[in-house]
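Structure, as structure tokens:
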Amino acid sequence: LPSTLIPYANFFVGFGNPQPLVDGNGAGILKNVGINFETDALTGYPKLNDTGSNAYGGAIGLQYLFNLDQQLVFEVATVQPFGDPIAGIGAARPQYGFGVRYQIPIDRAWLFRADATYQIVEGSDKPTFGVRAEIRRKF
């Protein structure tokens, strides 16, 4: 494998109702597990349940960094509830997500990012999907 083709795997197990040490603007504790757990406060971009409440799961992905000047990520993720779900907090049914991200710097401070996700909740007739593009400024 070239050094710019990087596989990753992140997993979690949560018991009860885990709480973050710092509340990151309502971001769930699983935000950094994978791109299928990320959302934003502005658009409500769809995500898998990121509470970690009575659940286990994770994300497996592959990122390609080209010549270290851009990034392409493909990821599959899941949340599998166990025991009794806490009403209104955790996932009641298994969830599966498939995501892709592309980002490229415009210059040293600005970058373009595009995401797409397709998510399935077991037992639901309607899958969830979303596409977003953003221009970000790094400080």
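Since every read-out is calculated from the coordinates, none of them should be taken as a lab result. These numbers come from a predicted model, not from an experiment. Here the Cβ positions follow ideal geometry from the backbone for every residue, glycine too, while neighbour counts run over all protein chains shown.
Of note:
- Ranked Glu75, Glu134, criterion: other C-beta atoms within 10 Å, fewest first: Glu134, Glu75
- Where labels lie 7 Å past Cα in the beta-carbon direction, separation of Asn32 and Ile106 in nm: 2.8
- Sequence of Ser53, Ser124 once ranked by neighbouring C-beta atoms within 10 Å, starting from the fewest: Ser124, Ser53
- Residue-by-residue Karplus 3J(HN,Hα) for region 51-67, coefficients 6.51, -1.76, 1.60, Hz, glycine and proline x: 7, x, 7, 6, 8, 9, x, x, 9, 10, x, 9, 10, 10, 9, 6, 9
- Only the Cβ atoms of Lys and Arg (+1) and of Asp and Glu (-1) were treated as charged; on that basis the dipole of the chain about its Cα centre amounts to roughly 300 debye.
- Positive-pole candidate from Ile89, Thr117, Phe12, dipole of the chain, charges at beta carbon: Thr117
- Whole-Hz Karplus values for region 81-86 come out as x, 9, x, 8, x, 7 Hz, taken residue by residue from phi with 6.51 cos²θ - 1.76 cosθ + 1.60 and θ = phi - 60°; glycine and proline positions read x.
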